[in-house]
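Worksheet: the structure to be examined is printed underneath.
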Amino acid sequence: MRNIPSKLPQIGTTIFTVMSRMATEYNAINLSQGFPGFDCDPRLIRWVEEGMRKGINQYAPMAGLPSLRAEIARIVEKAYGFSPDIDEEITLCSGATEGLMAAILALIHPGDEVILFDPSYDSYRPAISLAGGHAKGLNLKAPHFHIDWDVVEESISPRTTAIMINNPHNPSGAILSNADLTRLEEVAKKHDLLVFSDEVYEHIVFDGLMHESVLKYPELAARSVVFSSFGKTLHVTGWKVGYVVAPEVLTKEIRKVHQYTTFSTSTPFQYGIAEYLKRCEEEVWNLGNFYQAKRDVFRELISDTPLRLLPSKGSYFQLVSYKGLSELKDTEFVEYLTKEIGVAAIPISVFYEDGRDDKVIRFCFAKEERELAIAASRLKRLEVKA
């Protein structure tokens, strides 16, 4: 057989798969991969079943069920004061990752440069690379992971086509402020840039803070592609139902790719989600409080371990520093935690292109309190000489 060169020669198995597999092998509490450790609202399942029993089991329209697009538009308008056109500006996709891939393949061309912020979610670079683009990573630093917009402007070149943001940010749990979005709007307008905005944790923001969506800023909304996820909002990551909101001119191009990747997303899931949003939207607005309670419990549980807590303002992730506890690389330290302590985590260095290692790791606290308590009791066995 002929030798077929890899299009992604640097890409191996994702860290999430590696750590989840290791957690199973060593019977460790899995706080690594970001998925809820509890079931979704049974009412949601009931409406999905209703759709199945009604025979809503064939292909959905390529852009998504009109009933669900209408509910998305209503939720978006209520949250951000922006009313997307349900026919021309909303596209259902098979998870936000598929939407992101479709958007980047549609809108990024060979030689285009996309600025992103490391630590960055691991699907961004491969998508940009497959489109023939170049990802220019700008490092954000612990503990606050703030963006220096002066550095961003200095990094823009004639080849720069887009900026990728992730808000709330995975893996750090940082959020962008009004000042950040205002500056982003100025920069994008000045340099005529697209903005890819990964907002899958949009409803998981803590301490009375507000999520600053690009859709709240008219000149940003006019040049932005927003990705969101019902997997995160409704605790159903395995259903892989997400959506993309973008101006009509961009949506047309994104749908050209989307229709040849998955074409349409699970129809009964779409039906069930639409019915749920019609009847239970209060669960969406309460999501931040729900996860803040889990964050606070987890922070309290591990507060007397040798691990140092970093801020967590959004998402369902908590970063901790183990500086002074071990000289191991973070990739080695999470292996030690999994095998010897019985708790699986994610190393942050894997989200940096240059492998920056600040001795920081990520825990997912989207778990039942009992599971978090067991994990904390194991982490208390950590000693400074580990």
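The values are calculated or read from the model by the stated rules, or taken from the named source; none is laboratory data. Just so it is clear, the structure is predicted and the values come from calculations on it, not from any experiment. Positions of Cβ are generated from backbone atoms using ideal geometry, with glycine treated the same way; all protein chains shown enter the neighbour counts.
Values for this structure:
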quantity: Subset of segment 29-43 (residues that are crowded, with 17+ Cβ neighbours inside 10 Å and farther than 29 Å from Lys339 by Cβ); calculated: Cys40
quantity: Any hit, segment 77-90, residues being in the same structural domain as Ser264 (by TED's automatic domain parsing) and either in a strand (DSSP E or B) or at pLDDT below 95 (or both); calculated: yes
quantity: So Lys256, is it farther than 24 Å from Ile45 by Cα and of a type in the set (Lys, Arg); calculated: yes
quantity: Selected residue (criterion: farthest from Tyr121 (Cα to Cα)) from residues of segment 341-383 that are of a type in the set (Asp, Glu) and touching a residue at least 60 places away in the same chain (Cβ under 8 Å); calculated: Glu383
quantity: Extreme residue, farthest from Ile128 (Cα to Cα), among residues of segment 64-103 that are in contact with a Leu (Cβ under 6 Å, 6 or more places away or on another chain) and not hydrophobic (A, V, I, L, M, F, W, C); calculated: Glu71
quantity: Index of the failed condition, Gly133 passing every other in (1) farther than 24 Å from Lys256 by Cβ; (2) in contact with a helix residue (DSSP H, G or I) (Cβ under 8 Å, 6 or more places away or on another chain); (3) buried (at least 19 other Cβ atoms within 10 Å of the Cβ); calculated: (1)
quantity: In segment 246-267, the residues that are buried (at least 19 other Cβ atoms within 10 Å of the Cβ) and either of a type in the set (D, E, K, R) or assigned to a loop (DSSP other than H, G, I, E, B) (or both); calculated: Ala246, Arg255, Ser264, Thr265, Ser266
quantity: The listed residue being modelled with pLDDT of 95 or more, surrounded by 20 or more Cβ atoms within 10 Å (Cβ to Cβ) and in contact with a Cys (Cβ under 7 Å, 6 or more places away or on another chain), out of Tyr217, Tyr271, Tyr243; calculated: Tyr243
quantity: Some residue of segment 365-380 being small (Gly, Ala, Ser) and under 22 Å from the mean Cα position of the chain (by Cα); calculated: yes
quantity: Enumeration of residues in segment 119-139 that are in a loop (DSSP other than H, G, I, E, B) and over 22 Å from Ala174 (Cβ atoms); calculated: Ala131, Gly132, Gly133
quantity: From the options Leu116, Leu100, residue that is within 16 Å of the chain's Cα centre (by Cα) and part of a helix (DSSP H, G or I); calculated: Leu100
quantity: Criterion: under 25 Å from the mean Cα position of the chain (by Cα), over 25 Å from Ala174 (Cβ atoms) and among the acidic types (Asp, Glu) - qualifying residue of Glu383, Glu353, Glu332; calculated: Glu332
quantity: Residue within segment 122-131 that is among the hydrophobic types (A, V, I, L, M, F, W, C) and under 22 Å from Gln33 (Cβ atoms) present; calculated: yes
quantity: Residues that are of a type in the set (A, V, I, L, M, F, W, C), assigned to a loop (DSSP other than H, G, I, E, B) and closer than 18 Å to Phe351 by Cβ, drawn from segment 1-29; calculated: Leu8, Ile11
quantity: The listed residue being of a type outside the set (Phe, Trp, Tyr) and without any contact (Cβ under 8 Å) to a residue 60 or more places away in the chain, out of Arg295, Arg223; calculated: Arg223
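Rundown of residues vs (1) surrounded by 18 or more Cβ atoms within 10 Å (Cβ to Cβ); (2) in contact with a helix residue (DSSP H, G or I) (Cβ under 6 Å, 6 or more places away or on another chain); (3) at positive phi; (4) among the β-branched types (Val, Ile, Thr), yes/no style:
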| position | (1), (2), (3), (4) |
| --- | --- |
| Ile302 | yes, yes, no, yes |
| Ser312 | yes, yes, no, no |
| Ser315 | yes, no, yes, no |
| Glu332 | no, no, no, no |
| Ile341 | yes, yes, no, yes |
| Ala344 | yes, yes, no, no |
| Phe351 | yes, no, no, no |
| Asp354 | no, no, no, no |
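This table checks each residue for (1) farther than 15 Å from Lys278 by Cβ; (2) of a type in the set (A, V, I, L, M).
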{"position": "Asn27", "(1), (2)": "yes, no"}
{"position": "Cys40", "(1), (2)": "yes, no"}
{"position": "Glu49", "(1), (2)": "yes, no"}
{"position": "Met52", "(1), (2)": "yes, yes"}
{"position": "Gln58", "(1), (2)": "yes, no"}
{"position": "Leu68", "(1), (2)": "no, yes"}
{"position": "Glu71", "(1), (2)": "no, no"}
